[in-house]
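**Student:** Submitted below is the structure of interest, expressed as structure tokens.
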Amino acid sequence: MEDLIQNLYNLDNKVAYSCLKELEQIAYTSNEVYKFFETFVEMLDNKNSYIRTRGIVLISSNAKWDNDNKINSIIDKFLEHIEDEKPITARQCIKSLENIIKYKKELEPVIKERLLKVNYLKYEDSMQSLIFKDVEKILNLIK
């Protein structure tokens, strides 16, 4: 497990992505990955957008096991990535909210409030409509 976590930082993105997918699968069936939650939170501050995205994905895939409400305590930091400088990371963050709201209903109001404030204009025209659709999908799940 430690090797998979370490390889999330691998400079070879294929290796890192493979580890991400494996950890994500484990997280959906077991709480084994949850014990590395703090590592995923640290990834949110990484200068590399791929690493930030991996942290986002693994935080949300562990929402099911978050009995300690760790996500609740870092939700503001997490939601900053809704408007990440990299639109792909922003889209992954928005999409990952589906799993968070599935298991953390109490976070719906703060998530909704943040989604309603998204500044689409900061992104290139080609990405604005995609991000808008991602946001709309999550807002429709909240209602």
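**Student:** In whole Å, largest first, what are the principal axis extents of the Cα atoms in the stretch 79-143?
**Tutor:** 33, 18, 15
**Student:** Taking the dipole about the Cα centre of the stretch 50-130, with the C-beta of Lys and Arg at +1 and of Asp and Glu at -1, give me whichever of 61, 74, 94 is farthest to the positive side.
**Tutor:** 61
**Student:** With each run of n ≥ 4 DSSP H residues scored as -39500 (n - 2.57), what mean residue ellipticity at 222 nm is computed for the chain after dividing by its residue count and rounding to the nearest 500 deg cm²/dmol? Don't skip to the end; give the middle numbers.
**Tutor:** Working: 8 runs with 95 residues, N = 143.
Calculated at 222 nm, the ellipticity per residue is -20500 deg cm²/dmol.
**Student:** Treating the beta-carbon of each Lys and Arg as +1 and of each Asp and Glu as -1, no other charges, what is the dipole magnitude of the stretch 54-94 about its Cα centre, to the nearest 20 debye? Before the final figure, lay out the partial values.
**Tutor:** On the way: 6 positive and 7 negative charges, 43 e Å.
That gives a dipole near 200 debye.
**Student:** For the stretch 59-143, what is the accessible area per residue in Å² when the probe is 1.4 Å?
**Tutor:** Numbers: 4630 Å² over 85 residues.
Here the per-residue accessible area is 54 Å².
**Student:** Rank these residues by their accessible area, most exposed first, probe 1.4 Å: 38, 83, 124, 98.
**Tutor:** On the way: 38 100, 83 35, 124 140, 98 80 Å².
Solvent-accessible surface, decreasing: 124, 38, 98, 83.
**Student:** On the full set of protein chains, 1.4 Å probe, figure out the accessible area of residue 45 and give it in Å² to the nearest 10.
**Tutor:** My reading of the accessible area for residue 45 is about 110 Å².
**Student:** Next question, about the same structure. Under a Cβ-Cβ cut-off of 10 Å, what is the net charge of the residues other than residue 56 that fall near it, where Lys and Arg count +1 and Asp and Glu count -1?
**Tutor:** +2
**Student:** Which net charge results for the neighbourhood of residue 131, defined as the other residues with beta-carbon distances under 12 angstrom from its beta-carbon, given Lys and Arg at +1 and Asp and Glu at -1?
**Tutor:** Taking every other residue near residue 131 into account, the sum is 0.
**Student:** Could you give the C-alpha radius of gyration of the stretch 4-88 expressed as a fraction of 2.2 N^0.38 Å, taking N as the number of residues it contains? List each step's numbers first, then the result.
**Tutor:** On the way: Rg = 12.1 Å, N = 85, 2.2 N^0.38 = 11.9 Å.
In units of the globular-protein estimate, the stretch 4-88 measures up at 1.02.
**Student:** Ignoring ligands, DNA and RNA, what percent of the 1.4 Å accessible area of the stretch 1-67 is carbon and sulfur?
**Tutor:** The nonpolar share, carbon plus sulfur, comes to 47 percent.
**Student:** I need the fraction of alpha carbon pairs in the stretch 9-143 separated by more than 23 Å, rounded to a whole percent. Mind showing how you got there, number by number?
**Tutor:** Details: 2687 of 9045 pairs.
The calculated P(r) of the stretch 9-143 puts 30 percent of pairs beyond 23 Å.
**Student:** What full-extension length gain, to one decimal in nm, is calculated for residue 12 and residue 119 as 0.36 nm per residue of separation minus the Cα-Cα distance? List each step's numbers first, then the result.
**Tutor:** On the way: separation 107, 0.36 × 107 = 38.52 nm, distance 3.23 nm.
Fully extending the segment from residue 12 to residue 119 adds 35.3 nm.
**Student:** Any idea what Rg and Dmax come out to for the stretch 1-50 if you just take the C-alpha atoms, in Å?
**Tutor:** 10.6, 30
**Student:** Another question, then. Please enumerate, by chain and number, the lysines with C-alpha under 21 Å from the C-alpha of residue 102, excluding those fewer than 8 residues away in the same chain.
**Tutor:** Partners found: 21, 35, 64, 70, 77, 112, 133, 137, 143.
**Student:** Note the angle between two axes, namely the Cα long axis of helix 49-61 and the longest principal axis of the Cα atoms of the chain, as a number of degrees from 0 to 90, rounded to the nearest 10.
**Tutor:** Around 90 degrees separate the two axes.
**Student:** Follow-up question, since we're still on this one. Tell me the angle of helix 87-103 to the major Cα principal axis of the chain, expressed in degrees between 0 and 90 and rounded to the nearest ten.
**Tutor:** 80
**Student:** Still on this structure, I have one more. Residue 94: net charge of surrounding residues, Cβ under 15 Å, Lys/Arg +1, Asp/Glu -1, itself excluded? Can you show the working numbers first?
**Tutor:** Values: positive: 52, 86, 91, 95, 102, 112, 114, 117, 122, 133, 137; negative: 80, 83, 84, 85, 98, 108, 113, 134, 136.
With Lys, Arg at +1 and Asp, Glu at -1, the net is +2.
**Student:** Probe 1.4 Å, all protein chains in place: accessible area of residue 121 in Å², nearest 10?
**Tutor:** 140
**Student:** Between the helical axis of 125-142 and the dominant principal axis of the chain, each derived from Cα atoms, what acute angle in degrees is found, rounded to the nearest 10?
**Tutor:** For helix 125-142, the angle is close to 80 degrees.
The values are calculated or read from the model by the stated rules, or taken from the named source; none is laboratory data. Computed from a predicted model, the values in this text were never measured in an experiment. FYI the Cβ positions are ideal-geometry reconstructions off the backbone, even for glycines, and counts take in every protein chain you see. Note: accessible area is taken over every heavy atom of the protein model, side chains too, but ligands, DNA and RNA are not part of it. Shrake-Rupley method; radii C 1.70, N 1.55, O 1.52, S 1.80 Å.
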